[in-house]
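Step one of this worksheet: look at the structure below.
The values are calculated or read from the model by the stated rules, or taken from the named source; none is laboratory data. Note that the structure is a prediction, hence the values are computed from the model and not measured. Don't worry about glycine lacking a Cβ; one is built from the backbone with ideal geometry, like all the others, and counts go over all protein chains shown.
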Amino acid sequence: MADFIRLAVLLLILLALPRPPDHGGIPPRWNPWAPLRIADPPNVLTPWKLARLGRDGALCREVLSEAPLRATPVPDRELGPGCRLADAVRITRTRFALDTPFLLSCRAAVSLALWEAHVVQPAAVRILGAPVQRLQHLGSLACRDIAARPGRRSRHAQADALDVAGFTLEDGRRVSVRRDWSDADAPAGRFLRTLHRGACRSFDGVLGPDYNAAHRDHLHLEVGGGRYCR
């Protein structure tokens, strides 16, 4: 904890200074001024670098171009009160195959790529003994309010959220949030809980089945709202 506090204080000091003309001696993943790289494991600087992508669409698209996913930019447009697409992409494949394409904001797509690379696939191999081949989802863009909170738009309304329902492994086994979450001691349950915790390193908000009944069958992953991991 003491090391983390010292690092956080140092980071605040660095960020308060003008950008130095030469910072080539700092490794990019520890350099607060260097763009985020999806290949680099997340660290204490990752949330700050991700937030920067939300403010800089061109930089976000540059970072996303490094990801092993098929993404096509879609035009910005208003979809209704509090609902819009801005710097969004249509994704037909992530690191994994998909049953159906979905739309995500660029910032959320980068977070998804980080999570798949540094959490999902390593956990699948380590805990289940086989890599993930396919991702099942329940959708991303939806022009609606947060459940039970009329008048407060969900992050789904801006394609800033994705609901992940499960995975298919390369050996044909399937992992379902609805079916497997409840057995925390079984390999599939441990895998899903590892994914839930790990998502909090690259997404701003994460909700799982223990949050409420509305999330019993998926992991809700979002960016752009408050920070929480439940």
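Remarks
- Residues that are surrounded by fewer than 21 Cβ atoms within 10 Å (Cβ to Cβ), in a helix (DSSP H, G or I) and in contact (Cβ under 8 Å) with a residue 24 or more places away in the chain within the range 176-187 comprise ARG178, PRO187, listed in sequence order.
- Candidate set: the range 74-84, residues that are at pLDDT below 95 and surrounded by 13 or more Cβ atoms within 10 Å (Cβ to Cβ); chosen: the one farthest from PHE96 (Cα to Cα): GLY82
- Total residues in the range 25-51 satisfying the condition of being assigned to a helix (DSSP H, G or I) and under 15 Å from the mean Cα position of the chain (by Cα): the figure is 6.
- Near pairs, Cβ below 6 angstrom, 6+ apart or cross-chain, from the range 19-38 (aromatic (Phe, Trp, Tyr)) to any residue that is assigned to a loop (DSSP other than H, G, I, E, B) and at pLDDT 55 or above: none
- The one condition from (1) crowded, with 20+ Cβ neighbours inside 10 Å; (2) in contact with a helix residue (DSSP H, G or I) (Cβ under 7 Å, 6 or more places away or on another chain); (3) not aliphatic (A, V, I, L, M) that ARG155 does not meet is (2).
- Of the residues contained in the range 105-126, one or more are found to be over 19 Å from the mean Cα position of the chain (by Cα) and either small (Gly, Ala, Ser) or modelled with pLDDT of 95 or more (or both).
- Residue that is nearest to VAL110 (Cα to Cα), among those in the range 145-159 that are part of a loop (DSSP other than H, G, I, E, B) and at pLDDT below 85: ALA147
- Tallying residues that are within 23 Å of ARG227 (Cβ to Cβ) and either surrounded by fewer than 18 Cβ atoms within 10 Å (Cβ to Cβ) or of a type in the set (Gly, Ala, Ser) (or both) within the range 35-51 yields 8.
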